[in-house]
Structures are given as structure tokens and as C-alpha cells.
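Input: a single structure, listed below in C-alpha cells.
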Amino acid sequence: MRPLRHLTLIVAGAVLLSVLAALAFAADAHPECAAIPGDVGPCDYWGRVAEYGPFIILWGTLILAGLGSAIWLVLMAVLGFAALLRPNSGDR
């Protein structure tokens, strides 16, 4: 159950970071929107979130979850190797 819990936390963290990245990216207004009122089309905040958000959330989640899973896998391999090399006190 522990590996499933760890991977669930990795995916949840990846989704959270991707959502925050989408919201932060939408906060950066584009120069061409300076002459357009803020509540028109994709130049308002939520319009930019709706335009860029799905792309950033999808790819950000995939990339971050893959990276997090790879780091987790390497960490588990190192811990397993360290446990294998540790002397067993039950044999004495």
C-alpha cells in the first residue's frame, strides 16, 4: 500500500503545481491586450486561464508526475540497495 500512497501523493503534487502554474501564467498580461478592455475575450484573467490552463495543466501534470515517479523509483532503489548492504543483526 505504501508505493500506491507515494505515487498518489506524487500525482496530486504534480496536479497542484500545474494548476498553480496555469494561474500564475495567466496573471502575466500580454502587451497586445493593453489596448483592449480587461473583460473582453482572452484578455481578461479567466479568459487566459481558460485558454492556456488545459494545456499547462495536462502537460505539466504528465511531465511532473513522470519526473516525480522517476525520482521516487531511484530513491527506492538506493534505499533497497542500502538495506541489502547493511549487516543483518538477526544472523548473530
key: Residue match in region 34-45 (condition: over 30 Å from Ile71 (Cβ atoms), aromatic (Phe, Trp, Tyr) and either modelled with pLDDT of 85 or more or assigned to a helix (DSSP H, G or I) (or both))   = yes
remark   = Of the candidates Ile63, Ile56, the one satisfying the condition of being assigned to a helix (DSSP H, G or I) and crowded, with 16+ Cβ neighbours inside 10 Å is Ile56
request  = Only residues in region 66-78 that are closer than 13 Å to His6 by Cβ and part of a helix (DSSP H, G or I) count as the first member; pair them with residues that are of a type outside the set (Gly, Ala, Ser) and open to solvent by 50 Å² or more (accessible area, probe 1.4 Å), Cβ under 7 angstrom, at least 6 apart or cross-chain, and list the lot.
outcome  = Ser69/Leu7; Trp72/His6
query = Which members of region 1-22 meet the condition of being open to solvent by 100 Å² or more (accessible area, probe 1.4 Å) and more than 8 Å from the chain's Cα centre (by Cα)?
reply = Met1, Arg2, Leu4, Arg5, Leu9
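The values are calculated or read from the model by the stated rules, or taken from the named source; none is laboratory data. Worth saying up front: this structure is predicted, and the values here are computed from it rather than measured. Here the Cβ is made from the backbone with ideal geometry for all residues, glycine too, and neighbour counts use every protein chain on show. For accessibility, only protein heavy atoms count, side chains too; no ligands or nucleic acids. Shrake-Rupley method; radii C 1.70, N 1.55, O 1.52, S 1.80 Å.
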